[in-house]
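Only one structure is covered here, and it is reproduced in the block below.
Throughout, read-outs are computed from the coordinates displayed, never taken from laboratory work. Keep in mind that what you see is a predicted model, and the values were worked out from it rather than measured. FYI the Cβ positions are ideal-geometry reconstructions off the backbone, even for glycines, and counts take in every protein chain you see.
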Amino acid sequence: MTLLWFNDIVNQIIEITQMNKMISIVVPVFNEEDSLEGLLKAIKDSLDKKSISFEVIFVDDGSSDRSWSIIETLSRRFEEVRGLKLSRNVGQHNAIIAGFENSIGTYVVTIDADMQDNPDVLPRIYEKLKSGFDIVGCRRKVRRDNFLRRFLSFVMHYTIRHFTKLGRVSTREFTDFGCMLRGYRRWVVEKVIELGGKSVYIPTFAALIGGDFCEIEIEHVTRVKGKSKYGISRLLSLYFDMITDISLLPVQVISLLGILLSFAGFALGVIIFLRRIFIGPEVEGVFTLFAFLFVFTGVLLISVGLIGEYVGRIYKEVNKKPRFIVTEKSGFRKGLRIGVFAYSEVGYSCLEQLIRMGEDIVFVVTHRDNKNENIWFRSVGELAHKFNIPLLKPESIKEGKFIDVISSFKPDIILSFYFRKIFSEELVSIPSLGCINLHGSLLPTYRGRAPVNWAIINGGKETGVTFHYMTQKVDAGPIIVQKRIKIENDDTGLSLTKKIASCGAKLLEDVVEGLNEQNLRSTLQDETKATYFGKRTPSMGEIDWQWDNEKIYNYVRALTSPFPGAFFVLEDKKCIIWRGEKKECGNREPPGTIVGISRDSVIVKTGSGCFRITEVEIDGERLTPEGFVKHLKLKKGNSLGG
Ligand code: UDP
Ligand code: MG
């Protein structure tokens with residue numbers, strides 16, 4: 001009974017560990033902008049079908065095209081994708097080593113970016129590795145490359161297979177070292193990193209390390225996108241890497257040839273000497289000697305060249321130059337996958353802050369700018385674009401298609417900053433950690449729209465920033481953190497919005513830290529204290545001279561540009577007051593009466609005290625107070641309405 005129980009546990013553990021076997025796919029990339037998306041899709045299709053967990057590491061080997069920006073975007077778009085950017089082109093194999101060093105899978109597979117080897121076979125490689133093989137190679141049934149390329153590869157493989165016996169275990173052997181689609185067990189990869197030199201050719205070097213291996217047969221297709229990066233000189237250098245990496249045989253062959261030639265030369269010398277004594281000097285034979293000399297010199301040069309290759313490689317090893325330098329990484333998850341919904345200046349500041357903090361922002365959703373609105377704030381869309389963050393500008397955020405796309409990003413959390421549409425229940429339930437909104441007021445007061453303008457209009461003395469969880473009821477979810485902001489006497493809608501933006505961005509740091517450390521707390525809002533204010537339209541800016549001067553002043557500063565402005569109507573003309581101030585006065589005229597005119601102000605009697613207009617606009621034209629008075633032919637004692 002006990003034993004059975006024990007076996008059960010062991011079986012479960014085995015199941016769990018087998019489940020967690022992850023495969024890291026390393027792709028060296030050198031100017032492959034047209035191939036990357038298709039390759040990723042093919043890899044995902046083949047592995048998702050079999051529910052094999054994986055990561056794809058694209059290593060940008062000094063590309064000069066858009067490869068890196070595509071990799072960056074893909075790494076945000078898909079949870080499984082990571083990117084490494086190398087400081088310069090260091091060659092395919094060094095790039096692969098960079099990928100190896102940053103991989104975490106139990107198994108590691110290398111594949112070229114060009115899709116010549118179909119990722120369809122990945123599950124087969126995975127199964128072979130899982131069944132115990134240390135290295136799984138692939139053999140291309142028919143190789144679809146040009147003749148020269150195939151010929152050179154044939155020579156390479158011939159030498160390797162027939163002279164070094166590498167990759168042969170009893171009857172099995174590797175037959176296609178040129179195929180880069182290969183799988184390795186983690187320990188092989190670790191050894192390649194540790195022992196592979198700076199001029200390593202990975203397939204042969206890994207075979208040299210040993211282990212149990214097998215080869216599977218695959219289809220090979222011609223390159224569709226991009227060009228082959230291997231011309232004759234790169235191939236030759238690869239050839240030398242391949243040979244010198246694994247053996248001293250070439251030098252030994254040359255030495256042997258040298259010995260043979262020395263013997264032959266000695267024998268020839270003896271013959272010529274004897275001939276000279278017994279037959280006399282032989283003049284015609286000079287040419288034969290020349291021929292021999294050419295051969296000798298050729299052999300000598302080859303030997304020196306070959307030794308040079310070895311010495312060169314030794315030099316590279318001793319030399320401290322690194323194999324590669326990684327300058328940028330993306331998609332290596334440090335923290336949470338954050339989705340952002342943002343608009344306006346507050347949205348911009350907060351997104352900028354998240355980028356500055358190096359957070360993993362997987363998408364940004366923003367609004368299309370409305371042509372009828374004064375777009376005074378910085379563009380969230382442009383900021384996202386600049387940092388290669390996937391950007392969405394949906395017409396509706398309720399549609400099923402949009403919800404599907406957002407789910408496919410697998411965000412852990414969604415943060416919303418001044419986004420104007422209401423989240424559906426479905427949207428709120430996507431991220432496992434919920435959705436958090438920044439609201440520009442001290443909730444539960446000023447729920448709803450334009451809280452900053454409302455707060456000034458209502459003569460508030462303080463407002464603030466609140467981060468709260470989103471629920472179905474607008475701005476009513478539990479509060480995470482709040483910060484107070486004093487409303488100064490001369491604050492305008494704009495100045496206060498900027499204060500909210502910078503205070504919000506600062507507070508955001510604490511929120512994200514709390515999320516990462518999983519210690520965010522929240523408290524329910526006190527519904528009895530809740531106040532709600534709706535959307536503001538330009539027509540709501542009309543003032544009444546019956547009001548006291550304090551209220552008129554608050555309207556003017558709350559709505560001055562970039563907002564639509566506080567206004568009064570005179571002779572059917574809309575007069576917007578862009579600037580003005582309260583003024584004490586003892587006048588007894590009815591409200592709306594002009595009690596003073598000067599070059600830079602018009603003073604108007606209000607319900608209590610006076611108001612001094614200093615900047616005004618009529619029919620879309622900004623005027624000085626003097627110009628305004630002239631324009632409407634006004635005099636002291638005239639009424640502005642009310
Ligand atoms: N590659 C690389 N660095 C280089 C040359 C090539 O990372 O200096 C990559 C290239 O982007 C591709 C793979 O290595 O993913 C194989 O290159 P290619 O397809 O040009 O070689 P071929 O198929 O002709 O052997
Ligand atoms: Mg290729």
Relative contact order, percent, the chain [alpha-carbon distance under 8 Å, six or more residues apart]: 9 percent
Inverse of mean 1/r across different Cα pairs in the chain, Kirkwood, Å: 31.2 Å
On Cα atoms only, tilt of 549-559 relative to the major axis of the chain in degrees: 20 degrees
20 Å Cα-Cα threshold exceeded, pairs from Lys44/Lys198; Lys21/Lys49; Lys483/Lys529: Lys44/Lys198
Unit charges on C-beta of K, R, D, E only; dipole of the chain, Debye: 620 debye
Within the chain, helix-based [θ] at 222 nm, where runs of 4 or more DSSP H residues each add -39,500 (n - 2.57), nearest 500: -13000 deg cm²/dmol
Computed Rg/Rh of segment 520-642, alpha carbon atoms with Kirkwood Rh: 1.11
All aspartates and glutamates inside 16 Å of Lys410 as judged from Cα atoms, apart from same-chain residues fewer than 8 positions distant: Asp48, Glu55, Glu79, Glu80, Glu359, Asp360, Glu426
Compactness index (Cα Rg / 2.2 N^0.38 Å), segment 439-480: 1.12
Share, in percent, of DSSP beta bridges within the chain that are antiparallel, nearest 5: 55 percent
By average C-beta atoms within 10 angstrom, highest first, the peptides 267-279, 296-308, 105-117: 105-117, 296-308, 267-279
FRET E, pair Glu589, Lys483, Förster distance 56 Å, beta-carbon r, rounded to 0.05: 0.80
Coarse-grained scattering of segment 452-594 at q = 0.13 Å⁻¹, given as base-10 log I(q)/I(0) from a Debye sum over alpha-carbon atoms: -0.71
Distance between segment 600-628 and segment 542-580 - C-alpha centres, whole angstrom: 10 Å
Crossing angle, helix 249-278 versus the chain [Cα axis fit, 0-90 degrees, rounded to tens]: 30 degrees
Whole-Å distance, taken between Cα centres, linking segment 99-130 and segment 200-236: 13 Å
Only Lys, Arg (+1) and Asp, Glu (-1) charged, at Cβ; segment 172-245 dipole about Cα centre in debye: 460 debye
Alpha-carbon spread of segment 376-476, three principal axes, descending order, Å: 45, 30, 22
Positive-end extreme of charge dipole, the chain - chosen from Phe417, Leu301, Ser67 (charges on Cβ): Leu301
Spatial separation of Cα centroids for segment 414-440 and segment 462-496, in angstrom: 16 Å
Over segment 177-235 - Rg/Rh using Cα atoms and the Kirkwood inverse-distance radius: 1.02
Calculated log₁₀ intensity ratio I(q)/I(0) where the Debye formula runs over C-alpha points of segment 485-568, q = 0.20 Å⁻¹: -1.05
Listed peptides 201-208, 151-158 by packing density, highest first (mean Cβ within 10 Å): 201-208, 151-158
Length-normalised contact order for segment 13-148 - Cα pairs under 8 Å, 6+ apart - percent: 33 percent
Cα long-axis angle, helix 344-356 against the chain (0 to 90 degrees, to the nearest 10): 30 degrees
Simple spin-label estimate for Ser502 and Met22 in nanometres, 7 Å along Cα-Cβ: 4.1 nm
Segment 427-560, dipole about Cα centre (Lys/Arg Cβ +1, Asp/Glu Cβ -1), debye to the nearest 20: 160 debye
Leading residue at positive end of dipole, the chain (Cβ point charges), from Ile543, Ile243, Thr445: Ile243
FRET efficiency estimate (nearest 0.05) - Cβ-Cβ, Tyr230 to Lys473, R0 51 angstrom: 0.20
Per-peptide average of other Cβ atoms within 10 Å, ordering 478-488, 461-471, 437-447 highest first: 437-447, 461-471, 478-488
Projected label distance in nm at Ser608 and Ile277, using a 7 Å step from Cα toward the beta-carbon: 14.0 nm
Relative contact order (percent, whole number), segment 552-626, Cα cutoff 8 Å, 6+ residue spacing: 27 percent
